[in-house]
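To start, the structure under review is shown below, and the notes come after it.
The values are calculated or read from the model by the stated rules, or taken from the named source; none is laboratory data. Note that the structure is predicted; figures quoted are calculated from it, not measured. Methodologically, a virtual Cβ is constructed for each residue, glycine included, from the backbone with ideal geometry; neighbour enumeration extends over all protein chains shown. Quick note on the areas: whole protein, heavy atoms, side chains included, nothing else; ligands and nucleic acids left out. Shrake-Rupley method; radii C 1.70, N 1.55, O 1.52, S 1.80 Å.
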Amino acid sequence: MPSRAEMRVRLEQVLRGMVIATLAVMLWQSLSAGGYSGGQRLSARGVSGALAKWSALAKAPSGIHVQLDSVPSRLERSWLGALAGAGSSVTWSGDLPPVMVDAQPVASPVGGTNVLVASPSGSSVEMSDDIGVIDTVRAKNAGAALALTSIAGNLTARVKNSVASTVPRDSVILHKVLVIGDAGWESKFVAAALEEEGWKVDAFIRVAPGTDVTQGSAAVIDTSRYSAVIALDGAALPYATRIIEFAQTGGGVVLAPPAASLGAMGPLRAGSIGRPTSEARAIRAGGSVSLATLAITPVTSLRSDALPLEKRAGSVTIAARRIGAGRALQLGYDETWRWRMGGGEGAVRDHRAWWTGLVSRVAYPPRVAIGTTATSTDDAPMIGLFAAIGPGTPASAMSNLSGKRSDLMAWLFVLLALGLIGEVASRRLRGSL
């Protein structure tokens, strides 16, 4: 019968063996699991094949982890969501920059599309359509904007490996623009600029107190007849109440400085009327006039709901605000006709484009859905991924986890080595005794 000392030695050997076996099993699990316990790991490339294989199993996998280098397609996201709904724990990791894209028609006779992209500030956004790359822009303030004259098929925004796509889904119906002002160069050339761009223009021109000349067909000021109203000066005073009602029901209004100074236009103003600058800047001997040299009456003390759109040397030159369902722009630029008449080459074109751009910002354009032959789009893929299987883990965090796993493995090796050394030393000690 073994002695008490021999039994103690055997017990120590059994316990040491159990410790060594446990450490070995833990090490094997760490190596074989690939950093994710109880799940499966795959690349975004070939996701569809893996999903089909898992879906054919009699029982859904208990855990699935996907390492992504690009956002899965709509079908793949829906499939992952279905697996999660079937009981699998589905997670993902990867450094995928979020990107969203939207395309809206421009309210202008020349057409065009305004494209808005949401992406991380400083990221490079590549815009393309079905023909090829259109432009590459740098995102600022969490996004970028482009004005495109035409698009062929789908419009795609790419930020690294994240891709969002969309297509214009409607067009706009444009009504006339009403210009109200005194007889003079400003009213003449504002109406001419808009007509040259393709707008249909009606005008109420005051030639003397109580005497107006009408261009086009005189009509009630409402959104069924006009997309926008441009009030240039005091000639708009008799129409102030109707212009305010027009804005509140969805119409667009542009106020030049003389019109904005009218007390009756107060509900439309974005801010107060500043002190006019000297015209000396606009009339330089031997020099041409440009938008940057026009005299201005700055928009000051902006209302809380107003937004400054343009500035010159710290002074607001264009501000906007919503009025009910409509929009109003308050201008700080005086006598823009000087730019058209006294500008250099291209001044007429630039003056025309500037005025139509102002009207496009505020115009009331009823929308009409258009048919499209473009393929299916994915305008917010990251939102779709979050909705399907939730937020993921950044690749950097996974790298840290991998580093911690490596440290754990190293400690396991050390403990295993110490256990073996202790066993050998114990046996030698017993042999020497």
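Against the condition exposed (fewer than 12 other Cβ atoms within 10 Å of the Cβ) and modelled with pLDDT of 85 or more, how does Gly371 come out, does it pass? It is false that Gly371 is exposed (fewer than 12 other Cβ atoms within 10 Å of the Cβ) and modelled with pLDDT of 85 or more. Only one of the numbered conditions (1) of a type in the set (Gly, Ala, Ser); (2) farther than 30 Å from Ile296 by Cβ; (3) at pLDDT 95 or above is violated by Ala319, and that is (2).
Checked against the criterion of being β-branched (Val, Ile, Thr), open to solvent by less than 20 Å² (accessible area, probe 1.4 Å) and modelled with pLDDT of 90 or more, the candidates Val90, Val101 yield just one match: Val101.
Screening the range 104-117 for residues that are under 22 Å from Pro381 (Cα atoms) and open to solvent by less than 20 Å² (accessible area, probe 1.4 Å) and picking the one that is farthest from the chain's Cα centre (by Cα) gives Thr113. Would you mind stating whether Leu27 is of a type outside the set (Asp, Glu), in a helix (DSSP H, G or I), under 30 Å from Pro98 (Cα atoms) and at pLDDT 55 or above? The answer is no for Leu27.
Screening Ile244, Ile180 for residues that are part of a strand (DSSP E or B) and either at pLDDT 90 or above or buried (at least 21 other Cβ atoms within 10 Å of the Cβ) (or both) leaves exactly one candidate, Ile180. Counted as qualifying within the range 106-160 are the strands (runs of 3 or more DSSP E) with 1 or more residues that are of a type in the set (Gly, Ala, Ser) and modelled with pLDDT of 85 or more, namely 113-118, 124-128, 143-148, 155-159. Residues that are in a strand (DSSP E or B) and open to solvent by 70 Å² or more (accessible area, probe 1.4 Å) were ranked within the range 183-211; the one that is farthest from Leu262 (Cα to Cα) is Val207. For first residues located in the range 341-367 and open to solvent by 30 Å² or more (accessible area, probe 1.4 Å), partners that are of a type in the set (D, E, K, R) and in a helix (DSSP H, G or I) and lie 6+ apart or on another chain with Cβ distances below 7 Å form the pairs Val348/Arg340; Arg352/Glu196.
Return the residue satisfying two criteria in turn: it lies in the range 71-87 and is in contact with a helix residue (DSSP H, G or I) (Cβ under 7 Å, 6 or more places away or on another chain) and within 19 Å of Val167 (Cβ to Cβ), and of such residues it is surrounded by the fewest Cβ atoms within 10 Å (Cβ to Cβ).
Filtering first and then ranking leaves Arg74.
Annotation note: of Asp102, Asp130, the sole residue that is touching a strand residue (DSSP E or B) at 6+ places or on another chain (Cβ under 8 Å), touching a residue at least 12 places away in the same chain (Cβ under 8 Å) and among the charged types (D, E, K, R) is Asp102.
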